[in-house]
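In what follows, a structure is listed as structure tokens, so that the remarks can point back to it.
The values are calculated or read from the model by the stated rules, or taken from the named source; none is laboratory data. Just so you know, these numbers come straight off a predicted model, no measurement behind them. Note that each Cβ is placed from the backbone with ideal geometry, even for glycine, and that neighbours are counted across all protein chains shown.
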Amino acid sequence: MGCTGSCGAGDYAGTVRPAPEADGGGAAVRRYARLWLRFAATEVARLTEYRLNFATTVVEGVAQTALAVLTFVVLFQFTDELAGWSRMEALMLAGCYRMVDGVVAAAIAPNMYSISGYIRRGEMDFMLLRPVSSQFLVSFRRLNLPEAVNIPIGLGLLLYAGSAAGVQPTVGGILTAGLYVLLGLVMLYSVWFMTVTCSFWLVQVDNLDALFAPLFDAGRYPVSFFSGWMRALLTFVIPVAFATTFPVEAMLGERDASALLFGVPLAAAGLLLSHLLWNYAVRHYSSASS
Amino acid sequence: MSSVRLLWRLTAMNVMTTIEYRGAFLVYMLNNVLGPLISLLVWLTVSEQGVALPYTRSQFVTYYVLLSVAAMLTSTWIGAFLVEDIRLGNLTPWLLRPAPGILSYIGNNLGEKAVKLPLLLPLVAIVAVVFRHDLRPPTDLAAWGLFLLCLPAAAATAFFLDVTVALLAFWLDDVRGLLRLQVLVGAFLSGRFVPLELFPPELASFSLVQPFRYTLSFPLEVLTDALSQRELWLGLAAQLGYPALLYGLYRLLWSRGLRRYSATGA
């Protein structure tokens, strides 16, 4: 993998807008995948310089898991079943949440926390100059790979709690669960990205990204723990339900694939909207150098 | 006396800076309300199932509404900044001045909180209105008096705990991970997610003595729980003892650490 010619901004010197993709769809996907791998490779190189940081992230991940388990221990000391969830089923959800949190914290969050800075400091110029989609670049350029340890930690908890609950998931159930997680990630990304895109207008509010954190935190509980407006909010607006509750329900065999029917259009609409908003916002960007 | 005047000036200066970024602080305040609200909704689900709980529905509502204000007033964020100042040598200007360097951090803490409070109160009021039927603010004036006494002590405990951990940066290369861990564990052990009274019995004796209880939970317990005379006096002793202890620890680490501190121009 290499950043030959086509990655350099030099080829497009003078053009401010990203060049449209001239090649076909498949080639574009391959090119963007290669680029992302390149981002990951530079991050791995950086990572080896900060080994202590990796160690503390592991400790943090374990501590977070322990605290999540403790929260459910506290909740379930008064009852064996909460809103249809047993203790072990709730722990499966805690495991699933940790995995999703691992993906979000490793690949999505570091970018969302950076965007308002690009805008405030005028660094967005460099993003717009490059011959790739600027949305792709600002959304995936940064990685915080140590956070990915949360994925195996969460998987461990999920498997442990699943076997303790006596769950025997079918292949279909696991596939459906995977699809729900994927949709959930796309939706979370879209909503979060749209929030930070507002930084183009609200330059003074440098922490719009922070608005998202407590609601994403709500994903550590099954959505059925909430009622009325909060459940609707967590299913459709800040769709953590797709990322954590639905996948675990699918593994438990309590949810079929039918929610995909509105999940896929919802995710697609979110992605499209985020793209439209981004393009609209970029036009409002008062650059630092031009 | 000049230290007091300096602290006053620093606080006023921080009020002015914070006002400039009021939008950003409003977002933080929204977070401050949403976190406890989510915990509250979960506990209301538990109590609606007809499960026997040590807390009633209205106790939960009262606890979490008061918590969203108290948590802001006792919050601290200085650790990460202090670590960076030590690492990058930004401590130096403060060492040249004829006043303790910690004053600038205290001024920042007080100044920001002065601006955050009027931003936070309307948001808490909205939550209070939504749950007005279950909200039972205590009417006992003595309890409120004790609460107002304990709150600054809790803020001091949180502040000097944060500073003490951050000062380890004089000896260790990277204490940011340690600080994040402290925030994580502290949030749980200070009763931010779950009232300490609901902890399982095996953890009860530990949860009563650990310092994080005195960074947030204890003032709330004074106000909302029926603490026995004995529990109250022991708690009050710890509530005043912890900040004194941590202040002493800060003084010790600060003077020892400064001898190791080296920076360009120092």
>> Suppose we keep only residues that are at pLDDT below 85 and aliphatic (A, V, I, L, M) within the range A:45-75. Which one would you say is nearest to B:Leu198 (Cα to Cα)?
In response: A:Ala55
>> Take A:Gly95 and tell me if it is of a type in the set (Gly, Ala, Ser), assigned to a helix (DSSP H, G or I) and either surrounded by fewer than 21 Cβ atoms within 10 Å (Cβ to Cβ) or touching a Ser or Thr at 6+ places or on another chain (Cβ under 7 Å) (or both).
In response: no
>> Checking the conditions here, which among A:Ala243, A:Ala218, A:Ala250 is of a type in the set (Gly, Ala, Ser), under 18 Å from A:Arg98 (Cβ atoms), modelled with pLDDT of 90 or more and out of contact with any Ser or Thr (no Cβ under 8 Å at 6 or more places or on another chain)?
In response: A:Ala243
> Quick check: is even one residue across the range A:49-67 facing chain B (nearest Cβ under 10 Å), touching a Phe, Trp or Tyr at 6+ places or on another chain (Cβ under 9 Å) and within 30 Å of A:Ala161 (Cα to Cα)?
Replying inline: yes
> Which is away from chain A (no Cβ under 14 Å), surrounded by fewer than 23 Cβ atoms within 10 Å (Cβ to Cβ) and either without any contact (Cβ under 8 Å) to a residue 12 or more places away in the chain or not in a helix (DSSP H, G or I) (or both), of B:Arg251, B:Arg256?
Replying inline: B:Arg251
>> Take the conditions assigned to a loop (DSSP other than H, G, I, E, B) and more than 14 Å from every other protein chain (Cβ to nearest Cβ) and apply them to B:Asp134. Does it pass?
In response: yes
>> Looking only at the range B:9-47, filter to residues that are out of contact with any Asp or Glu (no Cβ under 9 Å at 6 or more places or on another chain) and of a type in the set (S, T, N, Q); which one of those is surrounded by the most Cβ atoms within 10 Å (Cβ to Cβ)?
In response: B:Asn32
>> Can you find a residue that is touching a Pro at 6+ places or on another chain (Cβ under 9 Å), within 22 Å of B:Leu10 (Cα to Cα), of a type in the set (Phe, Trp, Tyr) and without any contact (Cβ under 8 Å) to a residue 60 or more places away in the chain anywhere in the range B:90-102?
In response: yes
> Which of (1) more than 11 Å from every other protein chain (Cβ to nearest Cβ); (2) assigned to a loop (DSSP other than H, G, I, E, B) is the odd one out, the single condition A:Phe242 does not satisfy?
Replying inline: (2)
> Is it the case that A:Ala106 is modelled with pLDDT under 95 and either within 14 Å of chain B (Cβ to nearest Cβ) or part of a loop (DSSP other than H, G, I, E, B) (or both)?
Replying inline: no
>> Looking at B:Trp8 and the list (1) closer than 24 Å to B:Pro243 by Cβ; (2) of a type outside the set (Lys, Arg); (3) touching a residue at least 24 places away in the same chain (Cβ under 8 Å), which single condition is not satisfied?
In response: (3)
> Out of all the residues in the range B:170-214, which are closer than 17 Å to B:Glu231 by Cα, among the polar types (S, T, N, Q) and either assigned to a helix (DSSP H, G or I) or within 8 Å of chain A (Cβ to nearest Cβ) (or both)?
Replying inline: B:Ser205, B:Ser207
> How many of the residues making up the range B:48-74 are crowded, with 19+ Cβ neighbours inside 10 Å and among the small types (Gly, Ala, Ser)?
Replying inline: 3
> Within the range A:72-103, which residues are within 14 Å of chain B (Cβ to nearest Cβ) and among the charged types (D, E, K, R)?
Replying inline: A:Asp80, A:Glu81, A:Arg87, A:Arg98, A:Asp101
